[in-house]
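A short worksheet on the structure shown next.
Every number in this text was worked out from the coordinates using simple rules, so none of it is lab data. Treat the numbers as computed from the prediction; the structure is a model and nothing was measured. Cβ coordinates were reconstructed from backbone atoms using ideal geometry, including for glycine residues, and neighbour counts include every protein chain displayed.
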Amino acid sequence: MSNLTIKMGIWNNFLKKRNNLQKFDNFYFFLISAIVFFIDRYSKSEIINNFSDRTYFINSYINFDLIWNTGIGFGFLSTESALIYNLVTLLIGLVVLFLGYTLYISERLDKLIYSIVIGGGLGNFYDRIFYKAVPDFIDLHYNNFHWFTFNVADIFITVAIITFILRSFFIKN
């Protein structure tokens, strides 16, 4: 294969992906991201405004109990260091931007998965910017064993990632 043929193949692939940017159905996937974001924002604002000073018992396995998470998902990398917090926040913002680009150039099922992750990621990114922490409030437990406290954005992100992994095992390109 000549060098020119390889370059033309790369150029044609770029044009095909660029044309994908112009598809109107991408609008629907960004709408899904917006819906996920607003569901997350609504749930967090309800908890912040109504349950911030007490634990709300739902049943023997779940409570609503507001905590402020300065780390990433499920409290990992929690820190008091402003430098680390800001670097993690910047990294999260860059990942969300990268996923936005990846959504544009992906196939339909992947677009759905990315749009859900983007919506959840934007919800948590918003909190990190405006509250300097992410409000987590869903406390799953059995007797004295408590899972990490999490929020609605974490649920969306986790389900989307699990779907992405399962898709890679069962659906071949």
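About the Cα centre of the range 24-170, how large is the charge dipole given +1 on each Lys and Arg Cβ and -1 on each Asp and Glu Cβ? Please answer in debye to the nearest 20. Walk me through the intermediate numbers first.
Details: 8 positive and 12 negative charges, 44 e Å.
With only Lys, Arg, Asp and Glu charged at Cβ, the dipole is about 200 debye.
Going out from 0 in 5 Å bins, what whole percent of all Cα-Cα distances in the range 24-170 drops into each bin?
Here the calculated profile for the range 24-170 is 2, 10, 17, 20, 19, 15, 10, 5, 2, 0, 0.
Where a ≥ b ≥ c are the square roots of the eigenvalues of the C-alpha gyration tensor, would you call the range 63-145 rounded, which needs a/c under 1.5, or, failing that, prolate if a/b is larger than b/c, or oblate? Walk me through the intermediate numbers first.
Details: a/c = 2.67, a/b = 1.40, b/c = 1.90.
Verdict is oblate for the range 63-145.
Can you tell me the FRET efficiency between residue 143 and residue 68 if r is taken as the Cβ-Cβ distance and R0 is 25 Å, rounded to the nearest 0.05? If you can, show how the numbers build up before the last one.
On the way: r = 26 Å, r/R0 = 1.02.
Result of the calculation: an efficiency of 0.45.
What does the highest-first list of 131-139, 144-152, 31-39, 81-89 look like by mean Cβ count within 10 Å?
On the way: 131-139: 19.4, 144-152: 15.7, 31-39: 17.6, 81-89: 13.4.
Ranking the peptides 131-139, 144-152, 31-39, 81-89 by packing returns 131-139, 31-39, 144-152, 81-89.
Going by Cα centres, the range 33-51 and the range 139-173 are how many Å apart?
Cα centroid of the range 33-51 versus Cα centroid of the range 139-173: 19 Å apart.
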